[in-house]
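The structure under discussion appears below in the form of structure tokens.
Laboratory data are not the source of any read-out in this text; all were calculated from the coordinates shown. Worth saying up front: this structure is predicted, and the values here are computed from it rather than measured. With ideal geometry, Cβ positions are generated from the backbone for all residues, glycine too; neighbour counts draw on all protein chains shown.
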Amino acid sequence: MKQTSVRERRKFDETFKREAVQNWLQSGKSAAVAGEELGLNANLLYAWRKLVPAVAGGRATASKPGSVADLQGQLNAAQRELRHVREQCTILKKPWASSPNHPPTV
């Protein structure tokens, strides 16, 4: 009879997952190369990227809804949008040469 070895399932803590994904995204390497360097399957890195929040690799950091960082981000986005809308409004208020209310220039 042939004996097959039973592989024990490895367990990784959140810190390792977060750092592995962060290193992979910041290195610019493919998931396969980064996974091979760590002795992991590339599919694990893709799965961890979805599970581990607040990973910044050139991407916006995700934060918990209602947290200070999340609310600050929403405030900044609203201020940018308000600034853009105000610019549009002032442009539309300017008289145009083709408008009927524009006084003719001599």
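Once label points are set 7 Å from the Cα along Cα→Cβ at both Ala32 and Lys50, what is their separation, rounded to one decimal in nm?
2.1 nm
Computed over the Cα atoms of the stretch 1-55, what is the ratio Rg over Rh, Rh following Kirkwood?
In the stretch 1-55, Rg relative to Rh is 1.12.
Note down the net charge around Lys29, summing +1 for each Lys or Arg and -1 for each Asp or Glu among other residues with Cβ under 11 Å from its Cβ.
So the surrounding residues net to -2.
Quote to one decimal, in nm, the extra length available between Ser5 and Asp70 on full extension: 0.36 nm per residue of separation minus the C-alpha distance between them.
That works out to 18.6 nm of additional length.
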